[in-house]
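Heads up, the thing below is written out as C-alpha cells.
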Amino acid sequence: MDLQNILKTYFGYDEFRNGQDKLIESIIKGRDALGIMPTGGGKSICYQLPAIALDGITIVISPLISLMKDQVDSLNELGINAAFINSTLDNDEFLQILEGIRGNSYKIVYVAPERLNTDSFINLVKDIRISLVAVDEAHCISQWGHDFRPSYLEIPRFINSLKQRPAVAAFTATATKEIIKEINRLIGLRNPIEVTTGFDRPNLYYQVLKVSNKSKFLIEYLNENFKTESGIVYCSTRKSVESLVKVLSDKGFSAVGYHGGMNSEERQKNQDDFILGNKRIIVATNAFGMGIDKPDVRFVIHYNMPKNMEAYYQEAGRAGRDGEKSDCILLYSASDIVKQKLMIQNNDIDPKRQEILYKNLQYLVNYCNTNDCLRNQILNYFDEDFANDKCKNCSNCIDSSEMMDITLEAQKILSCIYRVSQRYGANMVIQVLRGSKNKKVLEARLDNVSTYGIMKEYSDSAISEIIMTLVSSGYIHMTHDKYPVLKLTSKSADVLSGKTKLHHKKHLLQKKDEKEKASKSIKGGNIDFDIELFEKLKQYRYKIAQEKGLPPYV
Ligand code: ADP
Ligand code: MG
C-alpha cells in the first residue's frame with residue numbers, strides 16, 4: 001500500500017500536512033529523523049504511519065503517561081495493534097504486554113522513559129525486531145528546555161542495548177537552536193533528516209494586556225467573547241488555580257482546575273471533563289497540556305506571565321488546533337516578573353544557567369512591552385522571518401490607540417542612566433528622574449547628577465513603562481542579574497542624537513490628571529548636553545568589547 005493510501009485507510013485524511021510526507025518517507029527508508037513542528041502540527045502520524053508500514057515493532061518513548069492509554073485506545077480503534085508500558089500497569093498487565101510483544105502482537109508500543117532500562121524490558125527487546133524508536137516530546141532530554149525529564153537521558157543506553165540499531169526519530173515543538181542541538185547530541189541521532197515546518201499559526205490572535213484587576217477582566221472578557229466555547233486559563237501557582245476556579249464557578253462558569261498538587265484521579269477526571277466538553281474552562285498550572293489533542297480550544301489566557309517564550313508558545317499553541325480562529329491572551333503585571341525572578345533565584349543552580357534563565361525571561365518581558373507586531377516577536381525568537389512587519393492579527397497590529405512621541409522622554413532616561421554611571425536598576429533611575437528624596441538616592445549622592453528631577457511630572461509607572469519599552473527594543477540593555485542594572489547600548493546613540501524617533505501608546509503612559517502636565521514637559525527640556533558624552537562612552541565601550549571579544553552592543 002502506498003503512503004497516501006495508508007493515510008486515508010487508517011487515519012481518514014486525504015493529504016499530508018506540510019513536512020509529514022518528507023519525514024515519513026525518510027523514516028521508512030531507515031534514516032534517522034528530527035521533526036520540528038509546532039503544537040498541533042501533526043507529529044504523531046510521522047511515527048504512527050511508518051510503524052504500520054514497517055515490519056517489526058515501533059517503540060514510542062513518551063513522557064505523557066496520563067495520555068498513553070487514550071492514544072493506545074484510539075490506535076486500536078483505528079485497527080492498529082498498540083500497547084503501552086508505564087507505571088499505571090500492575091504486574092500482571094505488564095507481563096501480559098511483554099508476552100504480547102514477544103508474540104509479535106503489536107505494531108506500536110508506547111513506553112515511559114523510566115521503564116526503558118528495566119531488566120525485564122531490555123531482556124525482552126534484545127531478541128525482537130524493532131524497526132523504529134520514536135522519541136516524542138524530545139526536548140524533554142534537554143536541561144535548557146522547560147520540561148526536562150532526567151530519564152530521557154537514558155534513551156541512548158536503551159538504543160545501544162539493542163542487537164541492531166533501528167532508525168531513531170525524534171519529535172518536538174521546540175525550535176530553539178540550542179535545544180535542537182542538544183536533542184541531536186544527547187539522543188545520538190545519526191545524520192538525521194531534519195524537517196522544520198513553519199512555526200506560524202495564522203489562526204491564532206495574540207494579545208498582551210496590562211489590567212489592574214485580572215479576575216474582573218477575565219469574567220468580562222469571557223462574557224463578551226466566549227459564552228459557550230472551551231478554553232484554558234494558565235496560572236503560575238496551585239493556589240491561584242484553586243482560587244480562580246472558585247471565582248469562576250461562583251459566577252456561574254463551568255470550570256475545573258488542574259495542578260500537580262491534586263491527586264491523580266481528580267486530575268485525570270478534570271482533564272477528561274475538559275477534553276470531552278463536560279466542563280468548558282480548565283484553570284491550570286503548566287502541568288497541564290503537553291500532548292493534549294483537543295481541537296476546539298478557542299482561547300488560551302495566561303493569567304500570569306510564564307517563564308519564557310518557549311513555554312508561552314507551547315501553551316498558547318494549544319488553542320485552535322482545528323485551524324479555526326482562536327485567542328491567545330497574556331495578562332501581564334510587574335509582579336509576574338518579580339515572581340519569575342524569585343523562582344530563578346531560589347533554584348540553587350549554577351550562575352551560568354541562571355543567566356540564561358534570566359535572559360529567556362527577559363525575551364518574554366520584552367514581548368509584553370513591545371509596540372511591534374507580536375507574531376513577529378514570537379517568530380523571531382524561533383529564528384523565523386515573517387514576510388510582513390505587521391501580521392494584522394495581533395493586538396499591536398490592530399490596536400488603534402493613540403500613539404505619542406516619547407523621544408524626549410527616552411532621551412532623558414538614557415541620559416540619566418549614563419549620569420548614574422550605568423550602575424543602577426530601573427527603580428533607582430526612576431527615583432532620580434523624579435527627584436526623589438529617598439534615603440538611598442541621597443546616600444548615593446544621586447541628587448547631584450544633572451538629570452535629577454527632570455521628569456518630576458511623570459508617575460513611576462509611566463517612566464517604568466518607557467524604560468521597559470526601551471529595553472524591549474534594544475535601546476537599553478538590562479543586565480541578566482539578580483538585581484538587573486540598566487546600561488546603554490550602541491543603539492542608544494540614535495535616540496540621543498534624535499536620529500530615531502520613538503512612539504508609545506499614549507494611554508499607557510499617563511493617568512488622566514497627568515495629561516496636561518506631561519504635555520507641557522514634552523515641549524520643554526533640552527538634553528543635547530549628553531550627546532557628546534555619549535559618543536565618548538560609545539567609543540569606550542566598543543573598545544572594551546573589542547578587547548574582550550564581546551559583541552559590541554554592550
Ligand atoms: P502534535 O503532536 O504535533 O502536537 P498531533 O499529532 O496530536 O499534533 O496532531 C494534531 C491534530 O492534527 C490531530 O487531531 C491529528 O489527527 C490531526 N492531523 C494530523 N495529521 C493530519 C493530516 N494530514 N490531515 C488532517 N489532520 C491531521
Ligand atoms: Mg504530540
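Can you name the strands (runs of 3 or more DSSP E) wholly within region 1-118 that have at least 2 residues being surrounded by fewer than 17 Cβ atoms within 10 Å (Cβ to Cβ)?
none
Tell me which of these GLU310 doesn't satisfy, since it passes every other one: (1) in contact with a Ser or Thr (Cβ under 9 Å, 6 or more places away or on another chain); (2) away from ligand 2 (no atom under 16 Å from the Cβ); (3) not in a strand (DSSP E or B).
(2)
I'd like the full set of residues that are in contact (Cβ under 8 Å) with a residue 12 or more places away in the chain, among the β-branched types (Val, Ile, Thr) and part of a helix (DSSP H, G or I), limited to region 384-423.
THR407, ILE413, ILE417
Give region 135-158 a look and list any residue that's more than 16 Å from ligand 1 (Cβ to nearest atom) and either surrounded by 19 or more Cβ atoms within 10 Å (Cβ to Cβ) or part of a loop (DSSP other than H, G, I, E, B) (or both), or say none. Don't jump to the end; show me each part of the working.
Our first condition is that a residue be more than 16 Å from ligand 1 (Cβ to nearest atom); within region 135-158, this holds for 141-144, 148-158.
Hits for region 135-158 are ILE141, SER142, GLN143, TRP144, PHE148, ARG149, TYR152, ILE155, PHE158.
Which residues, taken from region 39-61, are without any contact (Cβ under 8 Å) to a residue 60 or more places away in the chain, out of contact with any Leu (no Cβ under 9 Å at 6 or more places or on another chain) and within 12 Å of ligand 2 (Cβ to nearest atom)?
Across region 39-61, the qualifying residue is only GLY42.
Quickly run through region 386-402 and pick out the residues that are surrounded by fewer than 12 Cβ atoms within 10 Å (Cβ to Cβ) and farther than 16 Å from GLN207 by Cα.
ALA387, ASN388, ASP389, GLU402
Out of (1) modelled with pLDDT of 95 or more; (2) part of a helix (DSSP H, G or I); (3) loosely packed, with under 15 Cβ neighbours inside 10 Å, the odd one out for ASP272 is which?
Every condition holds for ASP272 apart from (1).
If you check every pair at least six apart or on different chains, which have Cβ atoms under 6 Å apart with a residue in region 121-138 that is in contact (Cβ under 8 Å) with a residue 40 or more places away in the chain and closer than 17 Å to LYS29 by Cβ first and a residue that is buried (at least 23 other Cβ atoms within 10 Å of the Cβ) and among the aromatic types (Phe, Trp, Tyr) second?
Filtered contacts from region 121-138: ALA134/TYR47.
Looking only at residues that are in a helix (DSSP H, G or I) and under 21 Å from the mean Cα position of the chain (by Cα) in region 215-240, which one is surrounded by the most Cβ atoms within 10 Å (Cβ to Cβ)?
By that ranking, first place goes to SER240.
Could you please let me know if ALA134 is within 30 Å of LYS8 (Cβ to Cβ) and within 16 Å of ligand 2 (Cβ to nearest atom)?
The answer is yes for ALA134.
To keep it simple, each residue is scored yes or no on (1) buried (at least 19 other Cβ atoms within 10 Å of the Cβ); (2) more than 14 Å from LYS307 (Cα to Cα); (3) modelled with pLDDT under 80.
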site: LYS339; (1), (2), (3): no, no, no
site: ASN347; (1), (2), (3): no, no, yes
site: GLN354; (1), (2), (3): no, no, no
site: ASN371; (1), (2), (3): no, yes, no
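Kindly indicate whether ALA51 is within 14 Å of ligand 1 (Cβ to nearest atom), closer than 23 Å to ARG115 by Cα and either small (Gly, Ala, Ser) or at pLDDT 95 or above (or both).
On the way: within 14 Å of ligand 1 (Cβ to nearest atom): yes; closer than 23 Å to ARG115 by Cα: yes; either small (Gly, Ala, Ser) or at pLDDT 95 or above (or both): yes.
The answer is yes for ALA51.
Condition test on LYS440, is it modelled with pLDDT under 95, at negative phi and more than 31 Å from the chain's Cα centre (by Cα)?
yes
If a residue must be in a helix (DSSP H, G or I) and either within 16 Å of ligand 2 (Cβ to nearest atom) or of a type outside the set (A, V, I, L, M, F, W, C) (or both), how many such residues does region 119-131 contain? Talk me through it step by step, then tell me what you get.
At the first step, the residues of region 119-131 found to be in a helix (DSSP H, G or I) are 119-126.
Pick out the ones that are also either within 16 Å of ligand 2 (Cβ to nearest atom) or of a type outside the set (A, V, I, L, M, F, W, C) (or both) and you get 119-120, 123, 126.
Here the count works out to 4.
If you check ALA410, ALA493, ALA444, which single one turns out to be crowded, with 19+ Cβ neighbours inside 10 Å, more than 30 Å from ASN203 (Cα to Cα) and hydrophobic (A, V, I, L, M, F, W, C)?
Residue meeting the stated conditions: ALA410.
If you go through region 1-34, how many residues are closer than 23 Å to LEU162 by Cα and within 12 Å of ligand 1 (Cβ to nearest atom)? Break it down stepwise before answering.
Start the filter on region 1-34 by keeping residues that are closer than 23 Å to LEU162 by Cα, which leaves 24, 26-34.
Now restrict to residues that are within 12 Å of ligand 1 (Cβ to nearest atom): 24.
Residues in region 1-34 being closer than 23 Å to LEU162 by Cα and within 12 Å of ligand 1 (Cβ to nearest atom): 1 in total.
Of the residues that make up region 479-488, is at least one under 24 Å from LYS341 (Cβ atoms) and surrounded by 21 or more Cβ atoms within 10 Å (Cβ to Cβ)?
Yes, there is a match, as at least one residue in region 479-488 is under 24 Å from LYS341 (Cβ atoms) and surrounded by 21 or more Cβ atoms within 10 Å (Cβ to Cβ).
The values are calculated or read from the model by the stated rules, or taken from the named source; none is laboratory data. This structure is a prediction, so every number in the text was calculated from the model and none was measured. All Cβ positions, glycine included, derive from the backbone under ideal geometry; neighbour counts span all protein chains shown.
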